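Enquirer: Following this message is one structure expressed as structure tokens.
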Amino acid sequence: MSLLVAVTGRNNEKLIAKLQSLLPNEQVVEWGKDVTTCEVEFVLAWNPPSDLWKRLPNLKAISSYGAGVDTLLAQPELPDVPVARIVDPNLAVSMSEYVLHAIGHFKLRFNQYLNNKNELLWKPRRVKAGNKVGILGLGQLGKQVAVKLKDLGYEVSGWSNSPKTIAGVSCFSGEKELTTMLESLDYVVCLLPLTENTQGILNKSLFDKLPQGAVLINVARGDHLNEADLLSALESGQLAGAALDVFSTEPLPATHPFWQQQNILLTPHVSAVTSVETASEQVAQNYHRVKQGQAIHHAVNQKVGY
Ligand code: NDP
Ligand code: OXD
């Protein structure tokens, strides 16, 4: 049995070394190197080549090298085996810090001061009024972000598929309740998984339900957002700004209009970066579980897509 690392677009030296140190008696191989495909029973994947799966007749389980599994589940020839994802409390810490910074960027008017600096302009302003934050998605990440913001004094609400109770956070579920939640928000944060139900959810209809001048923070997936609707909402003033960490096309092409928008804070998919250490430990544990014929930890529900 061997573990195949099919994580593309990054240098996997440290990852392979860490996995090999945790699995000293197992073969850890990297896609693209000399791989005996019939021995592979476990794959760690991130943007794997789509022709990979048909070469692995003995595959027993797959782990995403990330919290999100949308691109993995969308692979046309994905075999019918359990799929796990990374669940790391440290991801929720980085995500909370990112979201807090993104709110501060607009609330403290750093967006304007950055521009003023270029023009040598000394122009103090009061902080932007409003501290109501709504989180779309109350899972591993959304729940922690909600609790952190609540602890800092923000008025926090959250929306999920199933009803939830979180002390000090107003919880909503279902479409009707989403409208109620949106009506009072100053900031809306997307932390939903990308599924057929959530694709394009950040669109004109949602923006129009927010009070004028609200700010959008999208840290989930680029395809949650209708980009043209965002540009129109910024143009009309319906939205005062947006912080975007994820894009439909990554890296964001140089010609993309988002680069030129002063009221868009743009970062290159860095709000909660998978840790080699934690991911390796979880993958090694799941590898052992597969070897012993046990169910894997952090398996996703492939029918619902997360
Ligand atoms: P989880 O699967 O733990 O949580 C997802 C949440 O979304 C749950 O609360 C779920 O509701 C809710 N949800 C799903 N579908 C719907 C729907 N149709 N309507 C309402 N609520 C819905 O995910 P995580 O918190 O771990 O991660 C969220 C996403 O963040 C990932 O899928 C990934 O795309 C993104 N991400 C981005 C990173 C970055 O660096 N930018 C890093 C890591 C993740 P319920 O609880 O009822 O099931
Ligand atoms: C993830 C990500 O899903 O990095 O983990 O986006």
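Enquirer: What lysines does Lys132 reach when the alpha-carbon gap must be under 18 Å and sequence neighbours fewer than 8 apart in one chain are set aside?
Expert: Lys107, Lys143, Lys148, Lys150, Lys209
Enquirer: If you don't mind, another one. Taking the chain as the reference, fit the longest principal axis to its C-alpha atoms, fit the long axis of helix 140-151 to the helix C-alpha atoms, and give the angle between the two in degrees, 0 to 90, nearest 10.
Expert: 30 degrees
Enquirer: Using only helices, what value at 222 nm comes out for the chain when you add -39,500 (n - 2.57) per DSSP H run of length 4 or more and divide by the total residues, to the nearest 500 deg cm²/dmol?
Expert: Numbers: 9 runs with 95 residues, N = 306.
Rounded to the nearest 500, it is -9500 deg cm²/dmol.
Enquirer: Give me the lysines in straight-line cross-link reach of Lys18: C-alpha distance below 27 Å, same-chain residues under 8 apart excluded.
Expert: Filter leaves Lys33, Lys60, Lys291.
Enquirer: Accessible surface of Ser170 in the full protein assembly, 1.4 angstrom probe, to the nearest 10 Å²?
Expert: Solvent-accessible area, nearest 10 Å²: 60 Å².
Enquirer: Next question. Short version: what are the Cα gyration tensor semi-axes of segment 1-115, square root of 5 times each eigenvalue, largest first, in whole Å?
Expert: 36, 16, 13
Enquirer: Okay, moving on. Ignoring ligands, DNA and RNA, please state the percent of accessible area on the chain from carbon and sulfur, probe 1.4 Å. Could you put the intermediate results ahead of the total?
Expert: Details: 7750 of 15400 Å².
Roughly 50 percent, rounded to a whole number.
Enquirer: Another question about this same structure. To check you understand DSSP bridge types, tell me what percent of the beta bridges within the chain (both residues inside) are antiparallel, rounded to 5.
Expert: In the chain, approximately 5 percent of DSSP beta bridges are antiparallel ones.
Enquirer: Ignoring ligands, DNA and RNA, what accessible area per residue does segment 89-266 give at 1.4 Å, in Å²? Please list the in-between numbers first.
Expert: Numbers: 9080 Å² over 178 residues.
Result: 51 Å² per residue.
Enquirer: How big is Rg to Rh over segment 36-178, alpha-carbon atoms, Rh as the Kirkwood inverse-mean-distance radius?
Expert: Ratio of gyration radius to Kirkwood radius for segment 36-178: 1.15.
Enquirer: On to the next question. If you line up the Cα atoms of the chain on their principal axes, what length do they span on each, largest first, in Å?
Expert: 63, 44, 32
Enquirer: Please get the size of the charge dipole for segment 89-266, origin at its Cα centre, with Cβ charges of +1 on Lys and Arg and -1 on Asp and Glu, quoted in debye to the nearest 20.
Expert: 680 debye
Enquirer: At what distance in angstrom do the alpha carbon centres of segment 286-306 and segment 214-229 lie from each other?
Expert: 30 Å
Enquirer: Under unit Cβ charges (Lys, Arg +1; Asp, Glu -1), what dipole magnitude, rounded to 20 debye, does the chain have relative to its Cα centre?
Expert: Taking the Cα centre of the chain as origin, the dipole is about 820 debye.
Enquirer: Let me ask something additional. Of Leu73, Tyr187, Leu234, which is farthest towards the positive pole of the chain's charge dipole, taken about the Cα centre with +1 and -1 on the beta-carbons of Lys, Arg and Asp, Glu respectively?
Expert: Of the options given, the answer is Tyr187.
The values are calculated or read from the model by the stated rules, or taken from the named source; none is laboratory data. Since the model is a prediction, treat every value here as computed from it, not as a measurement. For neighbour counting, all protein chains shown are included, and Cβ atoms are generated from backbone atoms with ideal geometry for every residue, glycine included. Note: areas computed on protein heavy atoms with side chains; ligands, DNA, RNA excluded. Shrake-Rupley method; radii C 1.70, N 1.55, O 1.52, S 1.80 Å.
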